[in-house]
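Data first, discussion second: the structure below is written as structure tokens.
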Amino acid sequence: MSARRAYLTVVPIAAVVNIVLGILDQALHLPIFLDAVGTAVAALALGPWGGMLAGIIGQLVTAFAFHPVALFFTPVNLATAVVWGVGGRLGLARTWPKAFLLGVAVALAASIVTAPTVVAVFGGAAPGLSGFFTFVLTASGMGVLAAAFLSNLGWSLLDKVLSTFLALAILRALAQARLLPEASGAAGGRA
């Protein structure tokens with residue numbers, strides 16, 4: 001499959017996965033997001049640029065159609081796409097232990113970008129459990145940026161590791177359906 005065909009196939013599927021899981025997250029009020037699984041799929045299959053494209057499309061549709069605040073978190077999708085894409089190219093999605101470590105690295109990147117966004121958009125305490133923990137940490141004397149980072153990191157670790165594993169499962173299904181380029185690094189691994 002050509003790179004162009006791979007982009008035309010994988011990016012729309014990945015963007016829809018982001019949108020659908022983002023809507024489910026909002027509807028079910030989950031403590032994790034799962035709205036970047038599609039970004040992981042595209043980044044692992046196509047590299048960072050494919051992941052960033054899927055992430056931007058997903059965030060824009062989500063922001064303009066369902067949840068306007070999502071627009072502020074577009075940089076988080078870009079950062080995670082870079083880490084997933086580079087990590088995939090380095091072979092960090094080929095075994096379960098490496099994929100776990102890749103998910104941890106993605107969670108760190110996501111939290112580094114999310115914390116200042118949460119401070120700017122919500123004053124530090126986003127709605128939900130993460131915001132509650134930010135409030136508790138700031139009440140105990142921690143600075144708001146550090147508190148936003150730590151409270152986000154806890155949920156982000158679970159979210160991004162799970163998102164990595166879900167993305168690998170989707171990649172396997174896409175590979176079996178021959179919807180991935182032959183050189184896709186993540187789909188052919190043992191993870």
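Observations on the model:
So that you can scan it fast, the table gives a plain yes or no per residue for (1) modelled with pLDDT under 95; (2) surrounded by fewer than 16 Cβ atoms within 10 Å (Cβ to Cβ); (3) of a type in the set (Phe, Trp, Tyr); (4) within 19 Å of residue 8 (Cα to Cα):
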site: 126; (1), (2), (3), (4): yes, no, no, no
site: 132; (1), (2), (3), (4): yes, yes, yes, no
site: 137; (1), (2), (3), (4): yes, no, no, no
site: 148; (1), (2), (3), (4): yes, no, no, no
site: 161; (1), (2), (3), (4): no, no, no, no
site: 178; (1), (2), (3), (4): yes, yes, no, yes
site: 184; (1), (2), (3), (4): yes, no, no, yes
site: 191; (1), (2), (3), (4): yes, no, no, no
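- Residue within the range 7-19 that is part of a helix (DSSP H, G or I), touching a Ser or Thr at 6+ places or on another chain (Cβ under 7 Å) and within 14 Å of residue 166 (Cα to Cα) present: yes
Quick grid of which residues meet (1) over 12 Å from residue 110 (Cβ atoms); (2) among the small types (Gly, Ala, Ser):
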position: 126; (1), (2): yes, yes
position: 132; (1), (2): yes, no
position: 138; (1), (2): yes, no
position: 143; (1), (2): yes, yes
position: 147; (1), (2): yes, yes
position: 152; (1), (2): no, no
position: 160; (1), (2): no, no
position: 164; (1), (2): no, no
position: 169; (1), (2): yes, yes
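- Top-ranked residue of the range 103-143 - restricted to ones that are touching a Lys or Arg at 6+ places or on another chain (Cβ under 8 Å) and not small (Gly, Ala, Ser), ranked as nearest to residue 88 (Cα to Cα): 106
- Close Cβ contacts (under 6 Å, 6 or more residues apart or on different chains) running from residues in the range 129-142 that are within 15 Å of residue 153 (Cα to Cα) and part of a helix (DSSP H, G or I) to residues that are modelled with pLDDT of 90 or more and of a type in the set (A, V, I, L, M) comprise 134/147; 134/148; 137/147.
- In the range 94-107, the residues that are over 15 Å from the mean Cα position of the chain (by Cα) and either in a helix (DSSP H, G or I) or under 18 Å from residue 156 (Cβ atoms) (or both): 96, 97, 98
- Within the range 20-44, restricting attention to residues that are part of a loop (DSSP other than H, G, I, E, B) and modelled with pLDDT under 90, the residue that is farthest from residue 167 (Cα to Cα) is 29.
- Residue 80 vs. criteria touching a Ser or Thr at 6+ places or on another chain (Cβ under 9 Å) and hydroxyl-bearing (Ser, Thr, Tyr): yes
- Residue satisfying condition, being within 11 Å of the chain's Cα centre (by Cα), in contact (Cβ under 8 Å) with a residue 24 or more places away in the chain and surrounded by 24 or more Cβ atoms within 10 Å (Cβ to Cβ), within set 110, 15, 79: 110
- Residues satisfying the criterion are present in the range 78-90 (criterion: polar (S, T, N, Q) and either closer than 20 Å to residue 104 by Cβ or modelled with pLDDT under 95 (or both)).
The values are calculated or read from the model by the stated rules, or taken from the named source; none is laboratory data. None of these values were measured; they are calculated from a predicted model. Here the Cβ is made from the backbone with ideal geometry for all residues, glycine too, and neighbour counts use every protein chain on show.
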